[in-house]
Amino acid sequence: PQIDLVAREGVLFEQAVTASPWTLPAMGSLLTGAYPSKHGAGRIMNGRTPLGRSPLASGTWTLATALRDAGYRTKAIVSN
């Protein structure tokens, strides 16, 4: 019954595009409006381990900062 409910009330996106197939740079793009090559999140920092990746640069404009500047409070709850 739950799958039928999703089929009736859900939304179907027949074409979806992402800036990156990996979560870190894709989320960076969602939050900044910039491509990974511009915002830099997920760039390899340490060639010996795939975990050595860069975050967004400090001071990068994000949707959260724009909302904060407009008086909103934001919070991120993340898990990997």
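The values are calculated or read from the model by the stated rules, or taken from the named source; none is laboratory data. A quick note: this is a predicted structure, and the numbers were derived from the prediction, not measured. Here Cβ is always computed from backbone atoms with ideal geometry, including for glycine, and neighbour counts include all displayed protein chains. Please note that ligands, DNA and RNA were not included when accessible areas were found on the heavy atoms of the full protein model with its side chains. Shrake-Rupley method; radii C 1.70, N 1.55, O 1.52, S 1.80 Å.
Ratio of Rg to Rh for region 14-61, alpha carbon only, Kirkwood?
On the way: Rg = 11.3 Å, Rh = 11.2 Å.
Ratio value, two decimals: 1.01.
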Calculated from DSSP helices alone, with each H run of at least 4 adding -39500 (n - 2.57) and the total divided by the residues of the chain, [θ]222 nm to the nearest 500 comes to -9000 deg cm²/dmol
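Please identify every one of the trypsin sites (Lys or Arg not before Pro) in the chain that sits in a loop by DSSP and has no more than 11 other beta carbons within 10 Å of its own beta carbon.
Arg48, Arg73, Lys75
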Carbon plus sulfur, as percent of the 1.4 Å-probe accessible area of the chain, comes to 59 percent
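Probe of 1.4 angstrom, ligands and nucleic acids ignored: what's the accessible area per residue over the chain, in square angstrom?
Numbers: 7200 Å² over 80 residues.
Ligands and nucleic acids excluded, the result is 90 Å² per residue.
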SASA check, Thr18, accessible area w/ 1.4 Å probe, all protein chains in place, rounded to nearest 10 Å², comes out at 90 Å²
For the chain, inverting the pair-averaged 1/r of distinct alpha-carbon atoms gives a Kirkwood value in Å of 15.2 Å
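Could you give the dipole magnitude of the chain about its Cα centre, charging the beta-carbon of Lys and Arg +1 and that of Asp and Glu -1, in debye to the nearest 20?
Details: 8 positive and 4 negative charges, 96 e Å.
My answer is approximately 460 debye.
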Amide H neighbours of Arg53 at under 5 Å, excluding residues fewer than 5 places away on the same chain, with H built from the backbone geometry, are Met45
Taking Cα atoms, the helix 23-32 axis meets the longest principal axis of the chain at an angle in degrees (rounded to 10) of 90 degrees
